[in-house]
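Notes to accompany the following structure.
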Amino acid sequence: MRIIKATLDHLDLLTPMFVKYREFYGQLPYPDSSRSFLRKRLTREESVIYLALPDDDNSKLLGFCQLYPSFSSLSLKRVWILNDIYVAEDSRRMLVADHLMREAKKMARQTNAVRMRVSTSIDNQVAHKTYESIGFREDTEFRNYILPISQE
């Protein structure tokens, strides 16, 4: 398995899996909007996306993860938010997520980040175990809140 950093050349490969990821979380597919969203992130360098590919096949995507940069005012350092991670159903139990997260962790170290953050649904026990196996731990210092912003 190879982990590579996505470029605009990978949009055709990435978009269908990104759509499946959105559907997994109950969103409508919107393939054109999804492709446009990914294109903007990559063009503007607003995110880093890693792709997991088989060693011998550039046309099959095993999984992906997308990270967004942020910063910590308290530590005066960079923070990476592991916002999206998804593994193709036929590639699960092959440690694809582990490989993707290890590459993300390596990139975080190389950019002198103080930490990576990740959130997942409360009932996603598989994700919880995977994150903990990489070294993530539940935040006991801060409680996180969200403020939905309606587009009226």
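Here are the numbers for the structure shown:
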{"quantity": "Hits in region 80-118 - residues which are out of contact with any strand residue (DSSP E or B) (no Cβ under 6 Å at 6 or more places or on another chain), part of a loop (DSSP other than H, G, I, E, B) and over 18 Å from Tyr50 (Cβ atoms)", "calculated": "Arg93, Asn112"}
{"quantity": "In region 120-151, the residues that are part of a loop (DSSP other than H, G, I, E, B), over 20 Å from Lys77 (Cβ atoms), free of Cβ contacts under 8 Å to residues at least 60 places away in the same chain and among the polar types (S, T, N, Q)", "calculated": "Thr120, Asn124, Thr140, Ser150, Gln151"}
{"quantity": "Residue count, region 123-152 (criterion: of a type outside the set (D, E, K, R) and closer than 30 Å to Arg2 by Cα)", "calculated": "11"}
{"quantity": "Only listed residue being acidic (Asp, Glu), outside any strand (DSSP E or B) and in contact with a Lys or Arg (Cβ under 8 Å, 6 or more places away or on another chain), chosen from Asp12, Asp55", "calculated": "Asp55"}
{"quantity": "Contacts under 9 angstrom Cβ, first residue in region 56-73 being touching a residue at least 12 places away in the same chain (Cβ under 8 Å), partner hydroxyl-bearing (Ser, Thr, Tyr) and in a strand (DSSP E or B), 6 or more apart", "calculated": "Gly63/Tyr50; Gly63/Tyr86; Phe64/Tyr50; Phe64/Tyr86; Cys65/Tyr50; Cys65/Tyr86; Gln66/Tyr50; Leu67/Tyr50"}
{"quantity": "In region 43-59, residue nearest to Asp84 (Cα to Cα) [restricted to those that are surrounded by fewer than 14 Cβ atoms within 10 Å (Cβ to Cβ) and in contact with a helix residue (DSSP H, G or I) (Cβ under 9 Å, 6 or more places away or on another chain)]", "calculated": "Glu46"}
{"quantity": "Hey, Ser73 touching a Phe, Trp or Tyr at 6+ places or on another chain (Cβ under 6 Å) and of a type in the set (S, T, N, Q) or not", "calculated": "no"}
{"quantity": "Matching residues, region 50-100, being more than 20 Å from Phe24 (Cβ to Cβ) and within 12 Å of the chain's Cα centre (by Cα)", "calculated": "Pro69, Trp80"}
{"quantity": "Ser75, sole failed condition from (1) over 28 Å from Arg137 (Cα atoms); (2) hydroxyl-bearing (Ser, Thr, Tyr); (3) at pLDDT below 95", "calculated": "(1)"}
{"quantity": "Options Ala104, Ala97; residue that is in contact (Cβ under 8 Å) with a residue 40 or more places away in the chain and small (Gly, Ala, Ser)", "calculated": "Ala104"}
{"quantity": "Matching entry among Glu45, Glu89 (being at positive phi and charged (D, E, K, R))", "calculated": "Glu45"}
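The values are calculated or read from the model by the stated rules, or taken from the named source; none is laboratory data. Being a predicted model, the structure only gives us computed values, none of them experimental. Virtual Cβ from ideal backbone geometry, glycine too; neighbours counted across all protein chains shown.
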